[in-house]
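I have a structure I would like to understand better, so I am pasting it below and will then ask my questions one at a time.
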Amino acid sequence: MDDAAEAVVKILLQHGGLVPSKVSAHFKTKYFYEFVIDGVGVDVMAGMVIINQDKEHSFSLKAESVVEYVLINDVEIPLQSLAEWRNLYLLMGRLDKVAMIDQ
């Protein structure tokens with residue numbers, strides 16, 4: 001685990017529990033962790049790769065894909081557009097999430 005991923009895991013473990021992740025042939029994400037914090041599921045991903053029709057689609061966070069920042073506890077959090085996430089969910093086969101965004 002690299003230093004940044006390890007730091008995130010340590011911080012989130014102070015606030016909630018780590019949930020065992022399920023291995024999937026549809027993803028080759030470098031780091032993926034699932035937490036439950038105050039009853040809310042929180043996914044942490046770094047180096048996200050989605051496998052769709054035997055092709056790898058890399059979605060690491062890039063500066064040009066950030067559409068805005070939100071400030072939480074004096075930390076700027078980068079946000080991508082809903083259109084970007086719609087595309088991600090479509091590649092993942094998460095049609096429920098695609099429909100939610102479309103509404």
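The values are calculated or read from the model by the stated rules, or taken from the named source; none is laboratory data. Bear in mind that the values here come from a model prediction, so they are computed numbers and not experimental data. Ideal geometry is used to build each Cβ from the backbone, glycine not excepted, and the neighbour counts take in all protein chains shown.
Of the numbered conditions (1) loosely packed, with under 13 Cβ neighbours inside 10 Å; (2) part of a helix (DSSP H, G or I); (3) at pLDDT below 90, ALA99 fails exactly one; give the number of that condition.
ALA99 satisfies all of (1) loosely packed, with under 13 Cβ neighbours inside 10 Å; (2) part of a helix (DSSP H, G or I); (3) at pLDDT below 90 except (3).
Specify the residue that is modelled with the highest pLDDT; the eligible residues are those in the stretch 1-49 that are assigned to a loop (DSSP other than H, G, I, E, B) and aliphatic (A, V, I, L, M).
If we filter the stretch 1-49 for residues that are assigned to a loop (DSSP other than H, G, I, E, B), which is where we start, we get 1-2, 14-16, 20-26, 28-30, 38-39, 47-48.
So of that shortlist, the ones also aliphatic (A, V, I, L, M) come out as 1, 23, 25, 48.
Details: MET1: 64, VAL23: 80, ALA25: 82, MET48: 88.
The qualifying residue modelled with the highest pLDDT is MET48.
Identify, please: which residue in the stretch 66-81 is farther than 18 Å from VAL44 by Cβ and at pLDDT below 95 and is, among those, nearest to the chain's Cα centre (by Cα)?
Checking each candidate, the answer is SER81.
Another question, then. With (1) under 24 Å from ASP3 (Cα atoms); (2) touching a strand residue (DSSP E or B) at 6+ places or on another chain (Cβ under 8 Å) as the list, and LEU91 as the residue in question, which single condition is left unmet?
(1)
Tell me whether the stretch 50-72 contains one or more residues that are in the same structural domain as PHE27 (by TED's automatic domain parsing), touching a Phe, Trp or Tyr at 6+ places or on another chain (Cβ under 7 Å) and outside any loop (DSSP other than H, G, I, E, B).
yes
Could you tell me whether any residue of the stretch 68-78 is among the hydrophobic types (A, V, I, L, M, F, W, C) and in contact (Cβ under 8 Å) with a residue 12 or more places away in the chain?
Restricting attention to the stretch 68-78, the residues satisfying the condition of being among the hydrophobic types (A, V, I, L, M, F, W, C) are 70-72, 75, 77.
With in contact (Cβ under 8 Å) with a residue 12 or more places away in the chain added as a condition, the list becomes none.
No, the stretch 68-78 contains no residue that is among the hydrophobic types (A, V, I, L, M, F, W, C) and in contact (Cβ under 8 Å) with a residue 12 or more places away in the chain.
Out of the stretch 28-61, which residues are of a type in the set (Phe, Trp, Tyr) and within 26 Å of GLY17 (Cβ to Cβ)? Steps first, please.
First, pick out the residues of the stretch 28-61 that are of a type in the set (Phe, Trp, Tyr): 31-33, 35, 59.
Once the filter is applied, which keeps residues that are of a type in the set (Phe, Trp, Tyr) and within 26 Å of GLY17 (Cβ to Cβ), the stretch 28-61 yields TYR31, PHE32, TYR33, PHE35.
Can you name every residue in the stretch 25-75 that is of a type in the set (Lys, Arg) and closer than 21 Å to ASP2 by Cα?
LYS28, LYS30, LYS62
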